[in-house]
Structures are given as structure tokens and as C-alpha cells.
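Worksheet: one structure, shown below.
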Amino acid sequence: MAGESNGAGVFGSSIRRREDPELITGRAKYTDDLQLPNTAYCTILRSDYAHAKINGIDASEAEALDGVIAVYTASDIADSGVPGGIPVGWLLPDMVIPEHFMLAKDTTRYVGDGVAIVVAEDQYTAHDALELIYVDYDPRDGVADPKKATEDGAPLVHDEAPNNIAFDWEIGDKEMTDAAFANAAHVASLDIVNNRLIPNAMEPRAALADYNSITGELTLYMTTQNPHIHRLLISLASLGLPEHKIRVIAPEVGGGFGSKIHHYADEAIAAWASMQTGRPVKWTATRTETYLTDAHGRDHVTHAEMAMDADGKFTGLRVDTYAAMGAYLSTFAPAVPTYLYGTLMSGEYDLPAIYCHVYGVFTHTVPVDAYRGAGRPEATFVVERLVDEAARVSGIDPAEIRRRNFVAPDNFPFQTQVALAYDSGNYEGALDKALETIGYDDFRNEQAAAREQGKYLGIGLSTYIEACGLAPSAVVGSLGAQAGQWESAVVRVHATGKVTVYSGCSGHGQGHETTYAQIVASALGVPYEDIDVIEGDSGVMPHGWGTYGSRSAATGGSAIASAAEKVVDKARTIAAHLLEAAEEDLEFEDGNFFVKGSPDQAQSLPDVALQAYLAHNLPKGIEPALEATSFYDPENFVFPFGTHIAVVEVCANTGHVELQRYLAVDDVGNVINPMIVDGQVHGGIAQGVGQSLYETAVYDEGANLLSGTMLDYAVPKAHFLPSFETDRTVTPCPHNPLGVKGVGEAGTIASPAAVVNAVVDALSPFGVAHIDMPVTSEKVWNAINN
Amino acid sequence: MGISIELEVNGASVSKEVEPRLLLAHLLREELGLTGTKIGCDTSQCGSCTILLDGQAVKSCTVLAVQADGSEITTIEGLANGEYHPVQQAFWDNHGLQCGFCTPGMIISCVDLLGTNPQPSEDEIRHGLEGNLCRCTGYHNIVRAVQDAAETMNG
């Protein structure tokens, strides 16, 4: 265990997390743990029907219940004069944008759509009152399957979207791609369902709103990954309060995985209820409620084809996808199956022709938005499954066919046919390391011997790339984002040399307080213990865009590094003045400025900081104090990559899949804290393995959510998973100051294809070409026996 | 309609008058301010609310406060005794937590597990924790933490 101390060596050390003492003792405060005097409790009545007209609502019994303060419906929100909207933050050309309000007005469009609000003196009463509200529903047909929803005659989610199509999007060159298929020696083809997932952050969403009618200020404690985005959207679209009068605070946040990025109705409802009642109002979702309201993930129906020449060289990729949007367009939903999906279709391969077409489709379901990986797991699954199928139809080994098609290490930067320019990579390096560790050649012998004895072993590769570190602002702006994607940091050196760092990112389990302090300790040469990191409060830090898209090291960390560099530059000027030396003659080492060759006459950073604050003797034109702010806008995305390998044994009698080994060789660039990076990989793999073997959100034909509680949805338990093997190669990012990429999503992006490829490999004696996720025993048994 | 109960929570005597339907988890969190005990689901799956009731790990969302009358309860706040419990220490040392929400319940379950099986195999650890869900760690480092704690406690 590395010591928690100072110096340049702190960057790259597995320092134990400073966040943990409060968490392991139960002292940390999450939103629902907070208490304000005179708090009232809010619950929300939700539609039991996927699709229904509301003829009327009778709340009189609920209103009469002892302890109920008020019951509100959509008309009360409209009458209060607030905008009441829940907007979409990413616009695509010709996209149908239906109105979306904090409560359903006259039509409900998914099971869970909000219909009425109860505010009561305590949470038990608030829940009791929900049972006493009578809604006269006129049920209509609903549709949940994104492909069926586009068929003529399917029930419409919004009248203004014929065939339920929200947008019709494409990327790549159709003509060139069609020509590649016309001339192909082999074609691999797959129909793929990417199963709908429910995020399941362990902390349910919650909000504690405190509106002060005297000052007009709203303080909103909430479960958020991005306080400033929520402030902006609540101000502009939901409540109409001036932005500077809203303070959004993220206390401890218990996981997010994307589900706490989005702007939902519920937190705005709590705030609105506080404005109405003049009291603090708390809303806390039950788990079942999170299943009905947290944006779901994935839910694609895809047909994909790969064209090859006679040597197994890929010549073209063609993809056609129906992507569910759910009942409304959630905050960043349109970006997920388009710019975070179609742009990844080149994978790690030098693919000369690509065409990807996507329909975004309204369905009578919970809205779909970013969930860990967001578009990139879906793309990687398509590409990596198709590469294995290409290997199968061409008779080339899966590792070999990848090798033949990789972008070569000397071919960077590499411009793909689908917009992205990969900055750096060494794909064969990661593959070689993974194959050697797993013992690939020996495995094939073992597999053959096992089959003789009726044992079916399989190995699956996933050689993935992802684009993360979201993102260059001008680029995402040109693609439809109604947001910037730069990041902010303040590095403040106090008069005593202690340091406070503010970041616009907002961690919720990633260990930013530790990692960011490591960055600053290395940059300033001050003891790690002397640095505090503060995030998650729109009232105390400059605007930032939050934590998602594996961006917090690449953008947030880079902003901090840039601010620290500015601090050192200013301190150098002051130190040169104090040492009566020229700035260019100064060295800066371990927090000390000194003239080259004279380290004994040094000015330490705390010495300089004190002089900066006293301001008795500063160089001409230099302002007092020692702090710097940086707004860092990245030049490009970052492109982590690697090879993941799964080894499974499939029981031919029962269809049971046992995941025996899971190896991840990732390249995330320079590593700030290896222990934390490994932890991110572990968690990512678990969610991807969860998707591939266990998890799926199930809607019936009438669009009722069957997997509606934690009892019905298989969040992996400890014994569902093996221990994971992790390793790395290091190819630094060439365009940010730390050389870091991102690691939060890599495991989730890579692992579903590795697991399913392994199962299909195990079943190759039975001629099985594909199995949809989750790969349950029933599906495997049917694949073997049909 | 209130029912009087008396119990000992983290070594302190507590007397309360409670609604018959009040859950023990809510008694701890709302009435006693012990918010270290978390509530992560409504179907007794997640285990975030796990506490020790007369030395045994139970899900406090599935126990009525009145059922706890006369019992001794230890929550995460009562586990450290001047220094961290070996399980708490091992979770910190082995990066056995990320967001920390499942952690109080997970740690309590691990204390119970090691109390009944001081030297569990990896398989026994994984099955022993089947009542506690974690979405962040993939359980990898939680298993390491339990192994580490077992070594310390047996040492």
C-alpha cells in the first residue's frame, strides 16, 4: 500500500480512497438522509396503464385524509404559471419533439407516467393518500417493441409522429457500402436484439427542495451526476426561476450509471411543491418507482452485415437499427443510438465502407437514455458479434481475423468512415497480451479434448474501442447537443499553502476526491493531505457539465491540471521576484522554486502563497492571492481500447452457462490510481456480464412492465460472477495534459460481446450462429435442441 | 394507537411509542437519526438496510419496529469501537466500495458471515452475500475484503 503522502510519485499510486472513512461508518449523508425543519413529504401517483386517456381525477378522499397537505394535478402546475416542461437536450434534424410536462395532462403514455402529486406531513401518509385518488382512465392499446411500433396500424404514442418514428438518421456512405457487398467473397449477417436494461443505481433517486419565498431562492438537494445541467433545465424549462436563484447540491450520491444525468419530472415536482406549500419538500423514489421512472438503457433491434474479401479482409459494414426512445425524448436520448452508436461502427478495424441507418422510435415505455456506455455497448456488440460471425463463415480463427483487420499502430491518427478520428492505439498489443495470459492456443486443445467428453467450453474475444471523455464542445454542438462539454476547475492555494480544488464534475462513487488530489499533489508538489477536493454544488463552483461518458479524468482532470499549471506559472513569477532571479532560470521541483544549481536557496509554494496573500512585495502587474480557474475544452474525444476474453462452459443438458474466467486487458492511457481504475473495470464488467447473462427489462404485448421490481429483474449477485483478471497496456492520450483516457464505461462496453461470443463458440458443434441476450439456460437449451 | 417499545441501539437504551406498521428501518433512520442504514428497495432484495438484531444480520426493512421490542440492535454507526471493525478496515484497504450506498448493509452482512464461518472459501463468501446487492464493484474487491478481514480476525 502506497503511503498517503506528498510528491510527484503520488500520481500513479494506488492510494486508498479518502472518501471511504465516512462511507464505511455510515456517516456520509445521501439526499434522503438529510433533514430540514418542517419538511413535508411528496409522493407521485403514476399511471397503471401504458396508454390511456384521463377522463377525470377525483382526489377528494385523499385531500380529506388526516395529514395530507395538498393534492395537485397537471392543471394546478399549469395554473401556477411555471413553464412545467421536461425538455430534450439533443436535437437531430427533422426530429419529432412531443411536448412533455411535469405531469401527464390528458393522456398517459407509459406505466409510470406521473398523474398526481400528494404532499403530506409524513411519508407514510403521503403513500396512503395515493391509494385514495381515483383516476377515470380510458385505456388504449400500447406498443413496447421498437420495430413493431413502426408497423402500419401500431398504436401511436404521439399523433404527430406517424409510425412512431421520432427520427430517421444515417451515417456513412450507402452507395460505397452497397458496392462492397456486391463484390464480397463472404458476407456475415446477424439479427440482433440488444436487450432493454434498468440501471439500478443502489440509491434510488431523491430530492429535498427548499424554496425561500422571501428571497426567491431554491435550494435543491438531489441525486444528480451533473448539478449545473439540472439547474439550467429546471430554470429554463420546468420552473422558470432565474438560474442564479437556484442552487443544486449533490450530497453523497449512491451510483448513477447514467440514470442520474437526466432531467426528470420528479425532482422538479418536489421543488414546485415546495414553492406551493412554503415548506421544504422531500421526494424519495421507492425501488419499484425507479423501475418505472429512471431512464432505461439499450433496447435496439438490429440487422447487421459484414462484407469480406476472400482473405477475410473486411470491405463493408451495413447496419440497420430500430432504437426505442420510450414515450418521450429524455435529456440526451437522441444522441445515444446516433452519435454515440453509429460513429463507433468502425470498431478497431480499418473498414473502408460503412453505412448505418437508425430509426429512433417512440414506444409506450419508460423513456430510454444513456446507461453506462450509452450507445457504445450497443455498437460494440454489433461489431464484435459480427466479427465472430465473419470468422465463422470464412473459416478464419476469431483472433486471426481481428489481426488482419486492425488499424495498424503506425496508422494513427486514423480517420474512420463514420466521423471519428482515433488519436492513438496499439490494438494488437492488447490482443497479444490477452491471448497470452488466457493461454489461447492451449485453450483450443483443451476445448477439443473436452468436446470428446461431451463438455462444451467456449472462448469469446471482444476487441473494443470506445469514444469517451465527452467532449469537444464545437463538435458536439454541430451534432445537435444543446450543451457544451468542456469542464471547469478552480485550484486555490490558501495563504498557508493548503489547497482547495473545485471541479465541475460530480462524482458518485468514482473516487474523484482522491484522484483529483493526486493530480494536484503531483502538479504543485504539495502534500496530498493538504489538498481538499469539492464537487457537486452549483452554488460554490463555476459552471461544469458533470460526470458521465467517462469524462471526469479526461476533461475534469485536465481542467484541474491546467488550473494547477496556471498557479505554478504565477507562483514562478512571484518566486523569481523574491529570489531576484529571472523566471527562466528557475527550476520547480517537489514544490520548491530555486535557481538552477542552488536548491538550498529555495522558495516553497507555501512561502510564495503567503507572499501572494500578504501582497507586500509582489512584482509589478501581478495581482494578489494564488488561485486559478480553468475551463478546459478537449481537442478530441479520447479512445480507450483493449481486449476482453470470456471463457465459459455450457451444459448441453440444461443449457446452463458457467462463466469460468473473465480477463480484461484495457488501455486507458496513463493511470492516476491503479486501484481505482481496476475497480471501475470490475464494476463495468459486472454490468456487461449482467446484460449478457441475467438482466432484461420485459414488457408484455400491452406494454406493461413485467420485470417491475427488484424481485423480477436480475441484478447480478456475488455468486453470479467470477473473480475478474485485469491487466493493462498504456498508450497515452496525445492531446490532453495528463495523457489519460477514460475507464468508467470500458468494462460495460466490451463484456457483452465477449460473453456471447464465448457461448456461441461453445455451441459451435451444434451449428449455433447467435443467441440473444440475456443468454439464459432456456435460450441455450432451445438453441441446442432446435 | 402508538405502541411502546424499548430496545437497545448501539449500546444506548431507547424507548419509543410507534405506529404498529412502522418499519424498523424507518425507526432507525427517521426517529433515531441513524441514517447509516440505507433503504435501497421495497421488496427485501438489496440488503442495504441490513443491521444486527440480537447479533444476527436481518433486513430492517422487513422487520416491524414493534417486533424489535426488547432486542439489541447494532447498526453501522455502532460497529466501530474506538477503531474500525476489521471488516470496515478491510473494505477500506481493499477498495471494497465505490458509491458506498450498499456498504453499511454489506459490512454488517460480512460481520455476520465471518461470525458463523470464520474461514469461508471464495464460494462461501459469494453465496454468503447473496442477500446484498452491489452495483458498483462487481463484488470482486468485496470478496477480497472479506478474505482480508477473515485473516485479520483469525490472526
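The values are calculated or read from the model by the stated rules, or taken from the named source; none is laboratory data. It should be emphasised that the depicted structure is a prediction, and the values quoted were computed from it without experimental measurement. Heads up, the Cβs are rebuilt from the backbone with ideal geometry, glycines too, and the neighbour counts pull from every protein chain shown.
Numbers below:
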item	result
Residue within region A:695-708 that is in contact with a Lys or Arg (Cβ under 7 Å, 6 or more places away or on another chain) and touching a residue at least 12 places away in the same chain (Cβ under 8 Å) present	yes
Residue list for region A:6-51, restricted to those being acidic (Asp, Glu) and under 13 Å from A:Glu252 (Cβ atoms)	A:Glu19, A:Asp20, A:Glu22, A:Asp32, A:Asp33
Residue within region A:288-301 that is under 30 Å from A:His186 (Cα atoms), over 18 Å from the mean Cα position of the chain (by Cα) and either more than 14 Å from chain B (Cβ to nearest Cβ) or of a type outside the set (Gly, Ala, Ser) (or both) present	yes
Some residue of region B:19-42 being small (Gly, Ala, Ser) and farther than 26 Å from A:Asn38 by Cβ	yes
Qualifying residue in region A:724-739 (condition: at the interface with chain B (Cβ under 10 Å from one of its Cβ atoms), in contact with a helix residue (DSSP H, G or I) (Cβ under 6 Å, 6 or more places away or on another chain) and over 30 Å from A:Ala523 (Cβ atoms))	yes
Some residue of region B:2-13 being under 18 Å from B:Phe101 (Cα atoms), out of contact with any Leu (no Cβ under 7 Å at 6 or more places or on another chain) and surrounded by 17 or more Cβ atoms within 10 Å (Cβ to Cβ)	no
Qualifying residue in region A:53-67 (condition: over 29 Å from B:Arg29 (Cβ atoms), more than 14 Å from chain B (Cβ to nearest Cβ) and touching a Lys or Arg at 6+ places or on another chain (Cβ under 9 Å))	yes
Output for region A:673-713, where each listed residue is buried (at least 24 other Cβ atoms within 10 Å of the Cβ), away from chain B (no Cβ under 13 Å) and outside any helix (DSSP H, G or I)	A:Tyr699, A:Ala703, A:Leu705
Only one of B:Gly47, B:Gly55, B:Gly2 that is under 26 Å from A:Asp128 (Cα atoms), more than 13 Å from chain A (Cβ to nearest Cβ) and in contact with a strand residue (DSSP E or B) (Cβ under 9 Å, 6 or more places away or on another chain)	B:Gly2
Pairs where the first residue, in region A:500-512, is within 12 Å of chain B (Cβ to nearest Cβ) and farther than 17 Å from A:His682 by Cβ and the second is assigned to a strand (DSSP E or B) and aliphatic (A, V, I, L, M), C-beta under 7 Å, 6+ apart	A:His512/A:Val533
Qualifying residue in region A:642-652 (condition: within 14 Å of another protein chain (Cβ to nearest Cβ) and surrounded by fewer than 24 Cβ atoms within 10 Å (Cβ to Cβ))	no
Some residue of region B:18-31 being at pLDDT below 95 and either at positive phi or surrounded by fewer than 21 Cβ atoms within 10 Å (Cβ to Cβ) (or both)	no
Among the residues listed as B:Gly115, B:Gly128, B:Gly138, the single one being within 7 Å of chain A (Cβ to nearest Cβ) and more than 18 Å from B:Gly36 (Cα to Cα)	B:Gly138
Matching entry among A:Leu208, A:Leu156, A:Leu220 (being among the aliphatic types (A, V, I, L, M) and within 14 Å of another protein chain (Cβ to nearest Cβ))	A:Leu208
Pair list, Cβ under 6 Å, 6 or more apart: region B:42-57 residue of a type in the set (D, E, K, R), other residue modelled with pLDDT of 95 or more and assigned to a strand (DSSP E or B)	B:Asp54/B:Glu72
In region A:617-660, the residues that are within 30 Å of A:Ala450 (Cβ to Cβ) and under 26 Å from the mean Cα position of the chain (by Cα)	A:Gly642, A:Thr643, A:His644, A:Ile645, A:Ala646, A:Leu659
